[in-house]
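One structure is given here, and the rest of the page talks about it.
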Amino acid sequence: MKTMDLNCDMGESFGAYKLGMDEKVMQYIASANIACGFHAGDPLVMDRTVKMAVEKSVGIGAHPGYPDLLGFGRRSMALTPEEIRQYLVYQMGALKAFCNVHSATLQHVKPHGALYLDAVEDEAIARAVAESIMSLDPDLYFIALAGKKGKTMRQVGEELGLKVVFEAFPDRAYTPEGTLVSRKKPGAVISNPDLVAKRALDMASGFVKAVDGTIIELEVQTLCVHGDNLAAVDLVKTIKKTLEENNIRVKPMGEKIQ
């Protein structure tokens, strides 16, 4: 039976502000990308989210981003590669400490927001991200954008010896070039559970349809749903059900990529 990882961005609440429905979402996903305090999250939220993931047998990943709490990490920043490397080591190290407290293993690293998209386009940024992961733990999985647009992240990660996992986004619209439609444009975020589940099944089959109808070929090993999508619970529940009805088991990437 074919397997597929299903991940979600989580732990994005901060102080008195609650974002996402982590408790409900965690029941249906295989891996969690946990915010590390720079774009969202705080120590109490990180601890609580790691504990929850352990209780639900969900794979734990660090979700580090630019130091942009006000902008939720979705604004690019003019940082040097050295700054990016050390900012990521700081964030990943913090989450790994909480994993140690709960006798858990950090499974993967997925850059957040603008940092992720910048790494897709800029080799120096992709290399800084990959080098930071390699320096902390070379056994961590490096999440990269699936398809031709993720070529730079893939090449840099594999060159350094990291295990690269290819990710697609069923709840986001794609451009004909194979990247994500800007959130500033209408229709960039998709919230219809049936449509998102259909797109997830397409991605598991190796393709996605862009906004203009272009078919983009993808090699996908993990599917992402954004935790701040108001329909996140229905999305992950419907995706999991649809995949399993089509003989695709939902499992953490660490259990299926050896």
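Every number in this text was worked out from the coordinates using simple rules, so none of it is lab data. Here the structure is a predicted model, which is why all the values come from computation and not from measurement. Neighbour counts run over all protein chains shown; Cβ positions are idealised from the backbone, glycine included.
Charge dipole (Cα centre; +1 on Lys/Arg Cβ, -1 on Asp/Glu Cβ; no other charges) of the chain amounts to roughly 540 debye. In plain terms, the bigger the Kirkwood radius, the slower the diffusion; for the chain, with that radius from Cα pairs, at 20 °C and 1.002 mPa s, Stokes-Einstein puts D at 120 µm²/s. When peptides 224-231, 8-15 are sorted by average Cβ neighbour count within 10 Å, with the highest value leading, the order is 8-15, 224-231. As a rough guide to protection, the peptides 112-119, 32-39, 133-140, 198-205 ranked by mean Cβ packing within 10 Å, highest first, stand as 32-39, 112-119, 198-205, 133-140.
Beta bridges from DSSP with both residues in the chain: antiparallel share about 20 percent, rounded to the nearest 5. For GLY59, the amide hydrogen comes within under 5 Å of the amide hydrogens of SER31, ALA32, counting only partners 5 or more places away or on other chains and with H modelled in the peptide plane.
Which semi-axis lengths, in whole Å and largest first, follow from the square roots of five times the eigenvalues of the Cα gyration tensor of the stretch 1-125?
23, 16, 14
Listed cross-link partners LYS209/LYS241; LYS96/LYS209; LYS18/LYS148; LYS51/LYS163; LYS24/LYS151 are compared with a 31 Å cut-off, the Cα-Cα value being larger for LYS96/LYS209; LYS18/LYS148; LYS24/LYS151.
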